[in-house]
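Reading through the structure tokens given below for one structure.
The values are calculated or read from the model by the stated rules, or taken from the named source; none is laboratory data. Bear in mind the structure is a predicted one, so any value in this text is a computation, not a measurement. Cβ atoms come from the backbone with ideal geometry, glycine included; neighbour counts cover every protein chain shown.
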């Protein structure tokens, strides 16, 4: 078995046993740094240039440090970095809190826990709305926080996964088409689109293999263009099709209702479908590991 796959398996086991660090997570500290950089540079008339410079200042020193530490500490550093980069257990725990609240008919709690994992406003969501939002979060974040991280780790090791996760974090913080971030966050959004182009399609294919293959592939082919995100489209439509669930629909962001399209299958999601989404992600992880192993052995 290729060494990189052994590292991946060890990191996944560590994530399952330990979960996210409870006291301090590097991405939380990075988010604080990103907030300070945005305050400092998101001003003036050259905001696109300022945003590009701020992105480089936030990300590249850490990538260089990861390269140096990986060269000197090898296995130990690589496994620890990948463990910190993936968030499978945390993602499942957060979504299962929504599931538990829904099964207990505690809609206020379900809205609260849904709001912890999505950027849309949740105060007015009904049970179906909370369920849809939680499943969409699982499908999307599994790409960003698990499968994409595995791809870049397999390709470029620790520096690759650091580059990917930090870029993804900055896109989540700066990559909005609002007055505040439209110019400043443009570089963050575009770089994340580039880094996620292959992982998103690998994720979509893995969802298809792990679920209802014909529905997933048909949803990807016919519906992905309905979603604005060039990478989120394949991931979400393939995942929804793999589960045969109708996802999407109108959502409220920053007080504005966006008339988003419905996509996916025919079934209106219910609380237990959140658990189905988690199981789909686990099967997709296996698919991706098998695919990576096959490519590495072939090379």
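Pairing each residue of region 1-29 that is on the phi > 0 side of the Ramachandran plot and in contact (Cβ under 8 Å) with a residue 12 or more places away in the chain with any residue that is surrounded by 14 or more Cβ atoms within 10 Å (Cβ to Cβ) and in a helix (DSSP H, G or I), provided the two are 6+ apart or on different chains, yields C-beta distances under 7 Å for 19/89; 19/90. A residue that is crowded, with 20+ Cβ neighbours inside 10 Å and within 20 Å of the chain's Cα centre (by Cα) cannot be found anywhere in region 69-78. Applying the set (1) over 30 Å from residue 272 (Cβ atoms); (2) without any contact (Cβ under 8 Å) to a residue 60 or more places away in the chain; (3) buried (at least 20 other Cβ atoms within 10 Å of the Cβ) to residue 165 leaves exactly one unmet item: (2). Applying the condition of being touching a helix residue (DSSP H, G or I) at 6+ places or on another chain (Cβ under 9 Å) and assigned to a loop (DSSP other than H, G, I, E, B) to region 146-179 and asking which residue is modelled with the lowest pLDDT yields 177.
Of all the residues in region 250-269, those that are surrounded by 15 or more Cβ atoms within 10 Å (Cβ to Cβ), touching a helix residue (DSSP H, G or I) at 6+ places or on another chain (Cβ under 7 Å) and within 22 Å of residue 110 (Cα to Cα) number 1. Within region 35-54, is even one residue part of a loop (DSSP other than H, G, I, E, B), modelled with pLDDT under 95 and under 24 Å from residue 117 (Cα atoms)? No, every residue in region 35-54 fails to be part of a loop (DSSP other than H, G, I, E, B), modelled with pLDDT under 95 and under 24 Å from residue 117 (Cα atoms).
Count, please, the residues in region 98-123 that happen to be in a loop (DSSP other than H, G, I, E, B) and out of contact with any strand residue (DSSP E or B) (no Cβ under 7 Å at 6 or more places or on another chain).
So the first thing to find is which residues in region 98-123 are in a loop (DSSP other than H, G, I, E, B), and the list is 104-106, 116-123.
Imposing the further condition that a residue be out of contact with any strand residue (DSSP E or B) (no Cβ under 7 Å at 6 or more places or on another chain) reduces the set to 104-106, 116-118, 122-123.
Residues in region 98-123 being in a loop (DSSP other than H, G, I, E, B) and out of contact with any strand residue (DSSP E or B) (no Cβ under 7 Å at 6 or more places or on another chain): 8 in total.
Here's the yes/no breakdown for (1) touching a residue at least 24 places away in the same chain (Cβ under 8 Å); (2) closer than 22 Å to residue 142 by Cα; (3) in a loop (DSSP other than H, G, I, E, B); (4) out of contact with any helix residue (DSSP H, G or I) (no Cβ under 7 Å at 6 or more places or on another chain):
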position: 56; (1), (2), (3), (4): no, no, no, yes
position: 66; (1), (2), (3), (4): yes, no, no, no
position: 84; (1), (2), (3), (4): yes, yes, no, no
position: 95; (1), (2), (3), (4): yes, yes, no, no
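Tell me, yes or no, whether region 288-297 has at least one residue that is within 30 Å of residue 174 (Cβ to Cβ), surrounded by fewer than 22 Cβ atoms within 10 Å (Cβ to Cβ) and without any contact (Cβ under 8 Å) to a residue 60 or more places away in the chain. No, that holds for no residue. Looking only at region 190-231, residues that are modelled with pLDDT of 95 or more and crowded, with 17+ Cβ neighbours inside 10 Å come to 27 in all.
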